[in-house]
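K.L.:
The structure's right below; bear with me while I get my questions together.
Bear in mind that the values in this text are calculations on the coordinates, not laboratory data. Please read all numbers here as calculations on a predicted model, not as lab measurements.
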Amino acid sequence: MAIKIKPLGDRVIISPIEPKEVVKGGIIIPDSAKEKPMQGKVVAAGPGALNKKGERLPMDVKEGDVVLYGKYSGTEVKLDDEKYIIMHQEEILGILG
């Protein structure tokens, strides 16, 4: 997937993974009752932040990782009718593996 934006520093671009519409009991959840997704796939990652010496710090996440993030983390953007979230790496809670 090629996107038209490149993250800078320690920022990542995440494509949210929408929760399933049907739960184990077979109940269908309407759109108005769904919570904001808190997991997604990293589609792009910046080169990493710079430390005080000017050295580049490596990123802990890479393109293709499925991550968990806070409910109100990052900034939502829409590119080519797709929703993405841009956030700092520190806002990511963990990598699903």
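K.L.:
Hey, can you grab everything whose amide H is under 5 Å from the amide H of residue 10? Only 5+ residues off in sequence or another chain; H modelled, so Pro and N-termini drop out.
P.N.:
Distant-sequence amide H within range of residue 10: 48, 49.
K.L.:
Sticking with this one: Beyond a 22 Å Cα-Cα separation, which of these cross-linked pairs lie in this structure: 62/83; 4/41; 4/53?
P.N.:
Pairs exceeding 22 Å: 4/53.
K.L.:
Let me ask something additional. Using 0.36 nm per residue of separation minus the Cα-Cα distance, give me the extension gain between residue 56 and residue 6 in nm, one decimal.
P.N.:
Result: 16.3 nm gained on full extension.
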